[in-house]
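Okay, structure first, notes after.
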Amino acid sequence: MPVPQPKSLFDGAQDASDMIESLGTAPAFSGSALDAESTALVYVERIGFDERGQAVREAAHVDASDRTAIKLEMVTEGTGKEPTRIRKDIHAKTVVRMRVTDKMENSMGNMHGGCGATLVDNLSSMTLYLHTSGVPGSPWSFLGVSQNINVFYLNACPIGSVVEIESYSAQVGKSIALLQTDIWIVKRTDGQPDDGEGRLDGKGWTRTVKTVSGTHTKVDNSASFKL
């Protein structure tokens, strides 16, 4: 039986946005590493090859001001809602923007290392939404389980900073996925003031300092649904 094809760029992005909502509002450990008020998915991208071996790229800026009904501003052709033409060698990228708040603080007034590791864990997993059909039991339909996480702390990230968290699926196979995440401090450069409140949508931000870099290896657990 053929494996169902990956979901559309729009559906994968909507799932990622829904995951942010769930993480930010759930009364669980991961919620302490995410600021529900400010966090937003701002960019998605998927590349690979079609059935004829031609390179395909799908990319869009995301307007998640209404997180339950996101909008895509396509960088490439299409609307993002049509079935993807990508069939092999898929690589996906997501970019999330977030404010670092007091609940993430360590004793020195910076983002705690455990918070950085939790962000690497959760947000790297979101790239798998652009690899799976989402059909229960199909590959990566449950986003897998962690096998190993390595985190490098490069610079301090002060409380009150705005960060962009870029995750990339370096390799996703039948049972193992290698994911990468970098966290950058960003500054507003479009002349608009940052009042320190609200959702961090929009494009007018520039990366300044990389604070965290991590890798995440996951094992697919979708087959357990069939057992």
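The values are calculated or read from the model by the stated rules, or taken from the named source; none is laboratory data. In this text the structure is predicted, and so the values were computed from the model without any measurement. Heads up, the Cβs are rebuilt from the backbone with ideal geometry, glycines too, and the neighbour counts pull from every protein chain shown.
Of note:
- The residue list Ser38, Ser30, Ser17 contains one member that is closer than 17 Å to Leu128 by Cβ and buried (at least 18 other Cβ atoms within 10 Å of the Cβ), which is Ser17.
- Scanning segment 73-89 for any residue that is among the polar types (S, T, N, Q), surrounded by fewer than 16 Cβ atoms within 10 Å (Cβ to Cβ) and either out of contact with any strand residue (DSSP E or B) (no Cβ under 9 Å at 6 or more places or on another chain) or under 21 Å from Gly198 (Cβ atoms) (or both) turns up nothing.
- None of Ile90, Ile149, Ile86 is closer than 26 Å to Ala36 by Cβ and hydrophobic (A, V, I, L, M, F, W, C) except Ile149.
- Subset of segment 79-94 [modelled with pLDDT under 95 and either of a type in the set (Gly, Ala, Ser) or in a strand (DSSP E or B) (or both)]: Lys88
- Between Lys218, Lys226, Lys203, the distinction of being at pLDDT below 95, over 28 Å from Asp102 (Cα atoms) and of a type outside the set (Val, Ile, Thr) belongs to Lys226 only.
- Those residues of segment 6-28 which are more than 16 Å from Met98 (Cβ to Cβ), free of Cβ contacts under 8 Å to residues at least 24 places away in the same chain and under 14 Å from the mean Cα position of the chain (by Cα), in sequence order: none
- Segment 190-205, residues that are surrounded by 12 or more Cβ atoms within 10 Å (Cβ to Cβ) and of a type outside the set (Phe, Trp, Tyr): Asp194, Gly198, Arg199, Leu200, Asp201, Gly202, Gly204
- Selection from segment 95-118 of residues that are surrounded by fewer than 22 Cβ atoms within 10 Å (Cβ to Cβ) and in a loop (DSSP other than H, G, I, E, B): Thr101, Asn106, Ser107, Met108, Gly109, His112
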